[in-house]
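The values are calculated or read from the model by the stated rules, or taken from the named source; none is laboratory data. On a predicted model such as this, the values are computed, not experimentally measured, just so you know. Here Cβ is always computed from backbone atoms with ideal geometry, including for glycine, and neighbour counts include all displayed protein chains. Areas reflect the complete protein model, heavy atoms only, side chains present, ligands, DNA and RNA absent. Shrake-Rupley method; radii C 1.70, N 1.55, O 1.52, S 1.80 Å.
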Amino acid sequence: MIRERLKEIVDSCFASGVNEGKWSDAAAGKYTLEVPKREGQGDFSTNMAMVMAGMEKKNPREIAGLLVEILSAEDAIIDKLEIAGPGFVNIFLKPQVWQEVLQPILRTGDNFGRSTVGKGKKVLVEFVSANPTGPLSIGHGRQAILGDAIARLLEVTGHEVTREYYFNDAGRQMRVLGESTRARYLEIQGLPFEFPEDGYQGEYIRDIAQVLLDEQGAGLVGQEDAEPFTKKAVELIFADISGTLERMGVRFDNYYNEHTLYDAGHIDSVVKELREKGLVYEKDDAVWFKTTLFGQEQDRVIIKSSGEPTYRLPDIAYHREKFRRNFDWLVDVFGSDHIATVPDVLAGVEALGYDPKKVTVVLHQFVTLTRNGKLVKMSTRKATFVTVDELLDEVGVDVARFYFMMRKADSQLEFDLDLATKEEKDNPVYYVQYGHARLCSILRRAKDMGLEAAHPEQADLSLLREAEELQLLKSIASFPAAIEAAALELAPHKAIFFLMELAGELHSYYNKHKVIDPENVPLAVTHARLCLIAAVQQVFKNGLLMLGLTAPEKM
RNA sequence: GCACCCGUAGCUCAGCUGGAUAGAGCACCGGACUUCGAAUCCGGGAGUCGUUGGUUCGAAUCCAACCGGGUGCACCA
């Protein structure tokens, strides 16, 4: 909030320098205004002089001098200016500027941190999209939380978000599922059975078979068609998946069944349109899409010689439907094992006349679990993978969510079960939540002692002059910008890091200065500090809730 | 072989649209509870930012090549 104000001032100083002929406007939009890493280098710093120097072949420190001259007229909020290093202009603001952020924060309350930068842009976030062949695994868990967090962040930054789960409950995969279930159904009854070669070996298949046996007895023994088995398996597995998602706090607006693409004729019409554009051809009885025209090394088959489409065709048709449904931005959250499909879909989108730049694919790497410092081995085929439900049983929802959001999508995520199950210390989730609970505790105590609730208009905020207090003020003032960055970059880990840093600053402050201490802290200071504390607590709460975490008042 | 991702402290990771002396947590060592919650804090050691070149006033960040790890490269999804 302060940064934006200062940026306007700096921009107008840049412009007046241009008007006065001090420099050209070549550097417009190229320079930055950022918070220096190191203390003592100002509240903000701009590299404008260095950027201009490079373009105009002048001495950067000399240009910096001119800039300081213009900037120093802005003495309403600027306290001090200095030229440092190779030509940075460091800007020190008056403490009052920071103290005054408390009013708007406390006034905005639960809405502080929300913004309208999204301008109501319609975004479709597709994630999870696991076919109903088994319970959600840890990998799906990461994706579910990543997608959910992205959706939440986009929502609070003014985007109109639709969360969608795309699935397919037909085809070969499902036949195998049904056959696997039938085999277990027969096995339970001690009858001869044939387990499919690439069947699903998980224990949950037996559970499904048992349900069928309980419901229908032996009536399905002679059943040649796997269909009834598939149907029951899909039903039960979907119920299981939905239950897990709900438990994790993940919600969907829409479940999109691949079959609707066939029923509505979208598959055929995509092929027709591509054919009309001369982008497909027949070879070896198959239909090929000329993906080489879109930068790929080879063309791809979209309809097999058997007449069945490959997975690419419905994927492309699905994305066309997303565009037709009038979304401005399509965000796809996929596991990195789907990387091969991305270029195909983008080529299809472009071929059909839509802008591939409106599609952003967030590919996340895999999750590894460690326990006692050793890797927990997982295999999908043998169904030795750890399910999300098992993980939730062990660490709880907040911890699971936090850990899945803690790393950027590009990084492989190591889930340390030892660390995650520690409740007493060392767990970053509790570190942040404890900060919030602590502040609630102070506010409760203030109330018990009959101290008035925080009224920033009445308190003398100029008493907030400790270094730790100013740091906290600066941090909470930058909260909206942090949320905005995390949202627009589709990077929830940035929001997590913000909260962890804020927690660190808060705990340090807590251990050094007291808020309520009638014998040693003047009442006026207590009042001012209560305002600060209330604002920091609000930021913790808003940040935690925005990410789907709880903000406990007691722990 | 080709494509994408990763390589930063003993371990797990930030930082990467170029900027000032490269950060945090864990682990290790030493301190702080008659004081608003010690699930906390304070201090300490710890680094060829995978390697080698290049671009630049300036490179962990950009480019090239190479090394190491992951994931893909079907008329499977």
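Miscellaneous remarks
- At full extension, residue A:227 and residue A:524 could sit 99.4 nm farther apart than now, given 0.36 nm per residue minus the alpha carbon distance.
- Counting Lys and Arg as +1 and Asp and Glu as -1 over every other residue whose Cβ lies under 12 Å from the Cβ of residue A:334, the net charge comes to -3.
- Most positive-pole-ward Cα, A:44, A:318, A:397, against dipole of chain A from beta carbon charges: A:44
- Dipole-positive endmost among A:141, A:117, A:129 within region A:90-155 (Cβ charges, Cα centre): A:117
- Rounded to 0.05, the FRET efficiency of the residue A:284 and residue A:372 pair, given R0 = 51 Å and the Cβ-Cβ distance, is 0.45.
- When you restrict to C-alpha pairs under 8 Å that are six or more residues apart and normalise by the size of region A:1-144, the relative contact order lands at 17 percent.
- Antiparallel %, DSSP beta bridges [both residues in region A:75-198], to 5: 50 percent
- Normalised contact order of chain A, rounded percent, pairs of Cα under 8 Å and 6 or more residues apart: 16 percent
- A Förster radius of 45 Å, combined with the Cβ-Cβ distance separating residue A:79 from residue A:360, puts the computed FRET efficiency at roughly 0.65.
- Cross-link partners of residue A:122 among lysines (Cα-Cα below 30 Å; sequence separation of 8 or more within a chain): A:7, A:30, A:272, A:277, A:322, A:357, A:358, A:408, A:494, A:541
- Nearest 10 degrees, 0 to 90: helix A:523-546 Cα axis against chain A principal axis: 20 degrees
- Rounded tilt (10° steps) of A:138-156 against the dominant C-alpha axis of chain A: 50 degrees
- In chain A, the calculated helix contribution to ellipticity at 222 nm averages -15500 deg cm²/dmol per residue, counting -39,500 (n - 2.57) for every DSSP H run with n ≥ 4.
- Counting every alpha-carbon pair across region A:1-106, the share separated by more than 23 Å comes to 23%.
- With the convex hull drawn around the C-alpha atoms of chain A, the volume per residue stands at 206 Å³.
- Cross-link reach list, aspartates and glutamates versus residue A:80, counting only Cα pairs under 14 Å and skipping chain neighbours closer than eight places: A:43, A:69
- Computing FRET efficiency as 1/(1 + (r/R0)^6) for residue A:297 and residue A:326, where r is the C-beta to C-beta distance and R0 is 30 Å, gives about 0.35.
- Each Cα pair under 8 Å and six or more residues apart adds its separation to the average, and for region A:425-546 the resulting relative contact order is 43 percent.
- Extended-chain gain in nm, criterion 0.36 nm per residue less alpha-carbon gap, residue A:411 and residue A:189: 75.2 nm
- Degrees, to the nearest 10: A:203-216 long Cα axis against longest axis of chain A: 60 degrees
- Descending Cα extents along the principal axes, region A:425-546, whole Å: 47, 32, 23
- Surface share of carbon and sulfur [accessible, 1.4 angstrom probe, percent] for chain A: 48 percent
- Working note: Karplus 6.51/-1.76/1.60 with θ = phi - 60° gives region A:478-485 the couplings 8, 4, x, 5, 5, 5, 4, 5 Hz, where Gly and Pro are set to x.
- Taking all protein chains into account, the per residue accessible area for chain A stands at 47 Å² (1.4 Å probe).
- Among A:548, A:516, A:279 the positive-end extreme of the charge dipole of chain A (Cβ point charges): A:516
- Distant-in-sequence amide H partners of residue A:376 (H built 1.01 Å from N, under 5 Å): A:369, A:370, A:371
- Checked against a 22 Å cut-off, the cross-linked pairs A:422/A:514; A:37/A:474; A:232/A:377 give Cα-Cα distances beyond that limit for A:422/A:514; A:232/A:377.
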